[in-house]
Amino acid sequence: MKLPKKYGVALFVCAVVLLAATGYMFLVESELDRPWKAQQRRFKAIDRQLTVAERKEVSDFPESEEKRKKLAVLDKRLQSMDSVAPAIRQLWLTDFGVADRCMTCHQGVELPRFKDAEQPHTTHPGKHIDPKRHPVDTYGCVVCHAGQGVALEAQDAHGKAGNWVEPFLPGRRAESSCNGCHPMRSNVPKSAVMEDAPIYSKGRALYLQSNCLGCHVLDGYARAKGIGPNLTNLATKVNAGWFRFWVKQPKSYLAKTAMPDFELAEGDIKAMAAYLFSLSKPLSPGVKNRTAVSGQNLAKQGRAKLQNLGCLGCHGINGKDEGFGPDLSRVGEKNSPEWLSNWIKDPKKYWPETAMPNLRVPAEDIQLLVAYLSTLKGTKPVASASVDREKELVDKGRLLVRDKGCTGCHKIDTFPLGFNAPPHDNIGVKRVDELVFGKANIPRTLPHWLTLKIKEPRAFNTEKIPTLMPKFGFSNEEAEALLTFLLGQRRFAVPDKYKKVLHDPASALVKGELLIERNNCRGCHKIGGKGGDIGPDLKNEGERVNPEWLAAFLQKPRKIRPVGIEPTQMPTFGFSKEEAEAIAAYFAVQAGASYPYYREDRREMSQEERDKAWKDYWQVFSCQACHSWNGQGGIIGPDQSDLGNRLRRDWIAKWLKNPQASMPDVRMPNFELYPEELERLTTLLTGFSDIPPSVWEQMRRRWDDELLARQGRQTGGK
Amino acid sequence: MPARKTYVLMTVLVSIITGGVFSYSAGASLPPAPAPAPAAVVPAMPATRERADAVDAHRKPSLQWGNELYSHYCTPCHGGKGDGNGFNAPRLLVKPANHTDAKFMGERDDTKLFDTINLGGGKVAKSTLMPPWGASLNNDNKIKSLIMKLRDLCRCQAAKGW
């Protein structure tokens with residue numbers, strides 16, 4: 001077909017017009033409408049909407065200077081909005097070696113008025129980018145959130161870019177980056193929380209609690225001592241039936257135990273028992289288990305004893321396993337009476353690293369306790385079983401105990417402590433091609449891999465590459481916390497000036513807290529408002545006691561408050577001198593009290609004043625009615641023999657002035673002392689640790705006689 | 001055949017333009033804004049000591065309150081039964097008063113009991129081993145409750161009213 005020439009011309013003209021239009025679309029329009037430009041337009045629209053709304057609100061205010069100023073600001077904002085041209089906003093953070101264009105789309109991150117706007121315009125949550133903490137101009141976004149800072153499209157910047165070396169850390173996962181500047185190693189208490197990084201802090205606590213360091217190595221983290229009991233003499237502690245029951249599914253008995261599930265076959269458990277039981281040496285004889293002696297119900301007495309000893313500060317007996325130590329609801333099935341009595345007598349003899357203190361229980365009371373504990377059994381008691389001693393089985397068990405990594409948590413004298421699992425250094429930037437996915441059907445990214453590994457350690461198991469890690473049974477929330485912690489284990493190129501240790505392991509507070517946590521002081525005492533009420537509330541401890549005295553007391557505790565008021569006594573934890581001093585320093589520093597404390601015991605007092613003070617002590621206020629000195633006197637308040645050494649002078653004065661101000665329920669009366677009485681009594685009491693017994697005895701006789709004489713006069717005259 | 005070439009070129013151009021427009025509209029559409037999160041529920045503040053005291057300030061004297069106070073402050077010396085045989089009694093030179101003694105207690109009116117608790121034994125010509133509790137209890141209704149408890153213990157009435 002041949003068309004006339006004029007059609008050709010028309011078509012040519014059309015072609016030229018269309019070509020020009022297309023050129024315009026390509027060169028001008030499409031560039032105008034890059035996704036980030038659309039975002040900036042949307043941002044502007046939201047801002048206008050918000051500003052107009054705010055202006056309307058402000059214009060309803062009564063006339064004032066402030067209102068005029070506010071309106072001026074808002075008007076200026078509205079005007080300037082029009083003149084802002086779309087532009088890529090880029091930060092070039094030379095200190096961190098990154099370029100960051102995130103604010104091109106995330107324009108509202110620093111503007112509080114965008115808090116209800118949708119992503120990417122919304123305000124950054126929390127106080128993280130507060131100008132006083134991490135100003136955006138200095139830190140940008142990539143330093144914490146990783147991802148591709150220079151990318152201008154969402155998918156490139158923070159999509160699932162699997163092979164990008166530093167995967168984007170969305171939302172709370174960015175907490176893992178806190179580790180770059182604010183490290184918290186194993187020498188910081190588990191309970192330490194970075195205020196702005198609760199998930200990371202929780203992950204770290206779980207990591208330590210679950211003793212991941214028993215098998216994995218992590219730079220700067222030390223292996224914990226005393227996670228699981230020493231297994232060398234296991235046969236003296238439990239029978240084979242219990243061993244099988246326990247190892248098979250530890251959490252079915254103790255819901256909160258750190259012992260994971262190794263998913264062991266029945267035959268393997270038998271072999272392990274054969275090996276472990278072959279190691280044990282016989283037990284030194286303990287008390288015989290007797291539940292009744294001449295009609296007395298020993299178990300019932302033992303139950304009362306147990307409550308008074310403060311056992312419940314650490315152990316629960318309700319099967320819920322909520323305590324610091326293991327739940328005791330089935331201890332009668334688990335342990336033999338002989339083992340229990342040896343254990344209570346001196347726990348550290350069987351297991352030197354145990355957190356269980358020596359409660360200094362007299363032998364006859366141990367018998368009562370054991371009588372009670374032996375009655376604690378489940379509804380379906382575990383049947384005892386015998387152990388095979390065949391050489392073959394023992395050898396098989398030995399290999400299993402070695403290869404399963406039991407020594408990651410338990411000390412066994414025949415093996416070195418520890419186990420070699422892959423190190424966790426730099427696991428936060430582990431490359432995807434180094435990970436074994438096996439048959440698991442999950443997206444090929446590090447966070448996905450880690451999450452599955454934490455929750456289902458055997459998910460990547462194949463015949464060629466078997467997995468050894470046991471199952472810890474972490475919840476989704478716990479797995480996310482652990483993931484956040486692990487993603488934070490990576491090399492950070494951060495200049496020193498940005499580093500700020502928030503929990504300084506060298507500080508008295510951190511050192512003390514570490515010990516307080518490890519020994520579960522809060523099981524019995526309130527410290528900083530948190531803890532049990534078996535022992536005294538220690539809120540005033542730092543202000544109250546001489547730290548030197550406290551350090552000595554911690555190493556060798558004794559009964560301070562009489563039994564009638566305080567039935568429990570402080571157990572012996574076996575603190576070293578350094579540990580005891582660290583705890584004493586903790587309390588002093590926490591209270592803002594002087595440390596070290598220089599005892600100011602000798603304030604000048606004339607003989608006349610001293611006589612008055614003694615009269616006050618014996619006759620006017622009769623302190624001896626409630627307090628004893630060297631065991632003589634009342635047994636309501638603490639013994640005063642070493643009062644001057646135990647308490648700080650300022651505290652004695654403060655206490656005498658108004659005891660209820662420091663301890664609202666205390667039975668010590670407020671005597672409403674005059675200042676001169678307060679002064680001389682305080683001086684007398686601070687010298688109390690240095691009075692020779694003969695002087696004391698002389699004073700006691702003199703004033704007791706006087707009291708009796710006065711009493712005689714009163715009754716006689718009546 | 002220039003015309004045919006133009007025809008082909010036009011077709012190509014049209015398809016390119018259509019594609020461009022399509023991508024333009026796709027780029028301009030934004031994800032819808034998410035619904036605002038529900039406001040967090042503020043947990044109730046736990047009761048504090050200050051609050052407990054504030055409640056006490058309006059608490060009327062009662063035997064129940066007297067029981068609580070007596071068992072806390074008095075029993076170490078006067079005993080759980082009120083017979084003066086508390087665990088601390090053997091350590092004292094003067095035996096604590098026997099509150100179950102109707103004759104002894106009946107001789108004392110409520111004012112005398114109030115003064116003894118409030119100011120201590122020394123101020124009412126009795127033993128100073130009984131300390132003053134007024135400043136510590138810091139609430140007359142507590143003392144009145146204790147007197148109710150004492151009258152309950154002795155099963156006696158005051159010699160005189162107050």
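The values are calculated or read from the model by the stated rules, or taken from the named source; none is laboratory data. All values reported here derive from a predicted model rather than from experimental measurement. Here Cβ is always computed from backbone atoms with ideal geometry, including for glycine, and neighbour counts include all displayed protein chains. SASA here: full protein model, heavy atoms, side chains in, ligands and nucleic acids out. Shrake-Rupley method; radii C 1.70, N 1.55, O 1.52, S 1.80 Å.
So here's what we get for this one:
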{"item": "Debye log10 I(q)/I(0) for the range A:485-534, one point scatterer per Cα, at q = 0.18 Å⁻¹", "result": "-0.75"}
{"item": "Gain on full stretching of the segment that runs from A:Arg389 to A:Gln209 - 0.36 nm per residue minus C-alpha separation", "result": "61.3 nm"}
{"item": "Chain A - mean residue ellipticity at 222 nm from DSSP helices (-39,500 (n - 2.57) per run, n ≥ 4, rounded to 500)", "result": "-12000 deg cm²/dmol"}
{"item": "Carbon plus sulfur fraction of accessible area for the protein assembly as shown, probe 1.4 Å, in percent", "result": "57 percent"}
{"item": "Theoretical FRET efficiency, 1/(1+(r/R0)^6), r = Cβ-Cβ of B:Asp56 and A:Leu78, R0 60 Å, to 0.05", "result": "0.55"}
{"item": "Total charge dipole magnitude, the range A:570-707, about the Cα centre, Cβ charges on Lys, Arg, Asp, Glu only, Debye to nearest 20", "result": "120 debye"}
{"item": "Simple label model, 7 Å out from Cα along Cβ direction - A:Ser280 to A:Glu153, nm", "result": "6.8 nm"}
{"item": "Cα→Cβ-extended label distance, 7 Å offset, between A:Leu27 and A:Phe61, nm", "result": "5.1 nm"}
{"item": "Gyration tensor (alpha-carbon) shape descriptor, the range A:428-470, a/c threshold 1.5", "result": "prolate"}
{"item": "All aspartates and glutamates inside 13 Å of A:Lys132 as judged from Cα atoms, apart from same-chain residues fewer than 8 positions distant", "result": "A:Glu110"}
{"item": "Two-site FRET efficiency, A:Ala53 against A:Glu566, from Cβ-Cβ distance with R₀ of 60 Å, rounded to 0.05", "result": "0.40"}
{"item": "Sites A:Thr94 and A:Ala459 - FRET efficiency at Förster radius 30 Å, r taken between beta-carbons, to 0.05", "result": "0.10"}
{"item": "Shape call, the range A:610-678: gyration tensor on alpha carbons, a/c limit 1.5", "result": "rounded"}
{"item": "Solvent exposure of the range A:127-169 as accessible area per residue, Å², 1.4 Å probe", "result": "58 Å²"}
{"item": "Karplus-derived HN-Hα couplings along the range A:126-135 (A = 6.51, B = -1.76, C = 1.60, θ = phi - 60°), whole Hz, x at Gly and Pro", "result": "x, 9, 4, 9, 3, x, 7, 9, 10, x"}
{"item": "Under the span-like rule (Cα at least 20 Å along the axis, Kyte-Doolittle mean at least -0.5), DSSP H helices of chain A", "result": "A:5-24, A:266-279, A:577-591"}
{"item": "Partner aspartates and glutamates for B:Lys144 [C-alpha distance under 12 Å; skip if fewer than 8 residues away on the same chain]", "result": "B:Asp110, B:Asp115"}
{"item": "Full-extension gain in nm, A:Phe324 to A:Ala265, via 0.36 nm per residue minus C-alpha separation", "result": "18.2 nm"}
{"item": "29 Å Cα-Cα threshold exceeded, pairs from A:Lys615/A:Lys657; A:Lys202/A:Lys471; A:Lys334/A:Lys471; A:Lys127/A:Lys526", "result": "A:Lys127/A:Lys526"}
{"item": "Between the range A:177-219 and the range A:620-672, the Cα center-to-center distance that results, in Å", "result": "44 Å"}
{"item": "Burial of 30 Å² or greater, the range A:114-156 residues [accessible area, probe 1.4 Å, versus chain by itself]", "result": "A:Glu118"}
{"item": "Centroid-to-centroid separation of the range A:518-563 and the range A:408-458 [C-alpha atoms, Å]", "result": "41 Å"}
{"item": "Cα gyration tensor category, rounded, prolate or oblate, for chain A with a/c compared to 1.5", "result": "oblate"}
{"item": "Length-normalised contact order for chain A - Cα pairs under 8 Å, 6+ apart - percent", "result": "11 percent"}
{"item": "Those lysines that a straight Cα-Cα span of less than 28 Å connects to B:Lys149, excepting residues fewer than 8 apart in one chain", "result": "A:Lys718, B:Lys60, B:Lys81, B:Lys95, B:Lys103, B:Lys112, B:Lys123, B:Lys126, B:Lys160"}
{"item": "Relative contact order of the range A:509-664, pairs being alpha-carbon contacts under 8 Å that are 6 or more residues apart, as %", "result": "25 percent"}
